Amino acid sequence: MHDSLFEPLRFGALEAKNRIWMAPLTRGRSTQPGSIPNEMMATYYRQRATAGLIISEATGISVEGLGWPAAPGIWSEEQTEGWKQVTKAVHDEGGQIVLQMWHMGRLVHPDFLGGNPPVSASATKAPGHAHTFEGRKDYEAARALETGEIARVVDDYRKAAENAKTAGFDGVQLHGANGYLVDQFLRDSTNLREDAYGGSAQNRTRFLREVLEALVGVWGADRTGVRLSPNGETQGCDDSNPAETFGAAARVVEDLGLAFLELREPGPEGTFGNTDVPKQSPLIRDIYSGALVLNSDYSAEQATADIEAGRCDAVSWGRDFISNPDLPERFRTGAEIAPNKGVPQSWYGQGPEGYIDYPKLGE
């Protein structure tokens, strides 16, 4: 079934064995203190190595950028060593994995920063609550990055990219979506700057471009990708003209010749966020000539239709991969797609339950 999902896909220097990709999923299982990847995480990713490409969970590039309990990092030698067992596990099973690089910006609670405020494009405050080691707390106001500080943050991305190469990843993906730091620079509700990084859509893409240039300098464009969320509000981050903003962002990605671009695009009836803002993927498809990957509430049937119609080149699944480590085989055979259990607690718990205890077909 769904033959087009099982066609190989060449993107940049890599080739995916199928079009069924594993989306990035924060799971909160790293070893603390230190945000260090561990053997349990290696098992989790090994189990899912039949994906055409695994995009790792969001991974902090620096202490400043990570504000999620037990999420992993990639700034220290210990973290880099921990990731080596993950990449080896995936490669031993014939899979491929890229690292998603994460700076949360204003969504880092001061508890993670020794009481200091988080940084963002502008001095704004996110709505809602942060997850901390002491429970949920209100977000606090960020301070705007000074123009002269931005090069330091870009360099943090570059160093983390070098660590990802040492750790054995096949490439990297910049997390530019979901209201985190890159998104905070892109959208006009959170970017109120009056310098070269604010104002016009072209200026607001400057930070995106500089970070991507740093990643390309380490990995090459043919092993670099980015994730964007171009339609609708996310974590208080929104835009008055998404076509203009994300058209400009797509032109940056095209100019740099990136290997792949993943878009999270919920619809009006999305099961994890919903919006009436039109999807921007048709516009972006006209601008960007690389591998376009779509995400959010896809069935195998819908994915097959969109690939065959040329609307995208691959589709990424998140929650279905949590509870179905052999998701491609289930799509191929038409087997039942098992639901997640004990959610949302099991998504982010510390133990193996709801993480590495989902069986494959026949187990």
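The values are calculated or read from the model by the stated rules, or taken from the named source; none is laboratory data. Bear in mind the structure is a predicted one, so any value in this text is a computation, not a measurement. We place every Cβ from the backbone using ideal geometry, glycine too, and count neighbours over all the protein chains shown.
So for the stretch 90-104 (the condition being buried (at least 23 other Cβ atoms within 10 Å of the Cβ) and part of a helix (DSSP H, G or I)), does at least one residue qualify? Yes, that holds for at least one residue. Look at (1) among the hydrophobic types (A, V, I, L, M, F, W, C); (2) in a helix (DSSP H, G or I); (3) closer than 14 Å to Arg19 by Cβ and you find that Ile322 fails only one, number (3).
The single residue among Pro33, Pro72 that is within 30 Å of Tyr139 (Cβ to Cβ) and free of Cβ contacts under 8 Å to residues at least 40 places away in the same chain turns out to be Pro33. Considering only the stretch 340-352, I want to know if a residue exists there that is out of contact with any strand residue (DSSP E or B) (no Cβ under 7 Å at 6 or more places or on another chain), under 30 Å from Pro230 (Cα atoms) and modelled with pLDDT of 95 or more. No; the residues of the stretch 340-352 include none that is out of contact with any strand residue (DSSP E or B) (no Cβ under 7 Å at 6 or more places or on another chain), under 30 Å from Pro230 (Cα atoms) and modelled with pLDDT of 95 or more. Among the residues of the stretch 215-235, those that are surrounded by fewer than 18 Cβ atoms within 10 Å (Cβ to Cβ) and outside any helix (DSSP H, G or I) comprise Gly220, Glu233. Can you pull out the residues in the stretch 327-360 that are within 14 Å of Arg19 (Cα to Cα) and either within 23 Å of the chain's Cα centre (by Cα) or among the aromatic types (Phe, Trp, Tyr) (or both)? Within the stretch 327-360, Leu327, Pro328, Phe331 meet the criteria. Being surrounded by fewer than 16 Cβ atoms within 10 Å (Cβ to Cβ), without any contact (Cβ under 8 Å) to a residue 24 or more places away in the chain and within 30 Å of Gly217 (Cβ to Cβ) is not true of Asp357.
Out of everything in the stretch 137-151 that is under 23 Å from the mean Cα position of the chain (by Cα) and free of Cβ contacts under 8 Å to residues at least 60 places away in the same chain, what residue ends up being surrounded by the fewest Cβ atoms within 10 Å (Cβ to Cβ)? Result: Ala151. Scanning the stretch 253-300 for residues that are surrounded by 15 or more Cβ atoms within 10 Å (Cβ to Cβ) and more than 30 Å from Ala221 (Cα to Cα) yields Gly267, Gly273, Thr275, Val277.
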